[in-house]
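Q: There's a structure below that I have some questions on.
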Amino acid sequence: MLYKKEKVDKALEDGEIEIVPFAFMRGRTFVNAFVIVDEAQNVTHNQMETVIGRLGKGSKMVICGDMAQIDLKDKRETGFSFLARLEEQVEGFKTASLEYNHRHDIVAPILEVYKTFRD
């Protein structure tokens, strides 16, 4: 469900929605919360461990990212890629991948050209 800007602004003002930068994660616990970590392909292993460690009772966390858009200098340092291995080792941890391009139809063939160019 999408909300109008006014409703989101009010929820932010009332503290119902909170935006928390990684620099302010330590010492926090998200209790009875729905946590969204977006652009997680650019989160390091240490940052990912920190944010996952903040998950408290009654909470759920969704971690979103695109492995094709890593901006870290060392692409192996992303904590996002590590998450795929957790599903086999941790009961209750689930991953999902998009099966198709959810953007404009022209995007997929353009990205393929970029991929070929990079390789």
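Q: Once ligands and nucleic acids are excluded and a 1.4 Å probe is used, how much of LYS115 is accessible, expressed in Å² to the nearest 10?
A: Estimated to the nearest 10 Å², LYS115 gives 100 Å².
Q: Using a 1.4 Å probe, what is the accessible area per residue for the chain, in Å²?
A: Value returned for the chain: 85 Å² of accessible area per residue.
Q: Not counting ligands, DNA or RNA, and with a 1.4 Å probe, what is ASP74's accessible surface area in Å² rounded to the nearest 10?
A: 50
Q: Under 23 Å Cα-Cα from LYS115, which lysines qualify once same-chain neighbours fewer than 8 residues away are excluded?
A: LYS73, LYS75
Q: Return the lysines within reach of LYS10: Cα separation strictly under 23 angstrom, same-chain partners fewer than 8 residues apart disregarded; answer none if there are no such residues.
A: Excluding near neighbours in sequence, the set is LYS60.
Q: How many nm separate the modelled label positions at PHE24 and ALA96, each set 7 Å beyond the Cα in the direction of the Cβ?
A: 2.9
Q: Among rounded, prolate and oblate, which fits the chain when a ≥ b ≥ c are the square roots of the eigenvalues of its C-alpha gyration tensor, a/c under 1.5 means rounded, and a/b larger than b/c means prolate?
A: On the way: a/c = 1.89, a/b = 1.33, b/c = 1.42.
Note, shape of the chain comes out oblate.
Q: Something else: When the solvent-accessible surface of protein heavy atoms is calculated with a 1.4 angstrom probe, in what order do LEU83, LEU98, LEU111, LEU2 fall, highest first? All intermediate terms of the calculation are to be shown ahead of the outcome.
A: Details: LEU83 10, LEU98 125, LEU111 90, LEU2 170 Å².
In descending accessible area the options line up as LEU2, LEU98, LEU111, LEU83.
The values are calculated or read from the model by the stated rules, or taken from the named source; none is laboratory data. Computed from a predicted model, the values in this text were never measured in an experiment. Cβ coordinates were reconstructed from backbone atoms using ideal geometry, including for glycine residues, and neighbour counts include every protein chain displayed. Accessible surface areas use protein heavy atoms only, side chains included; no ligands, DNA or RNA. Shrake-Rupley method; radii C 1.70, N 1.55, O 1.52, S 1.80 Å.
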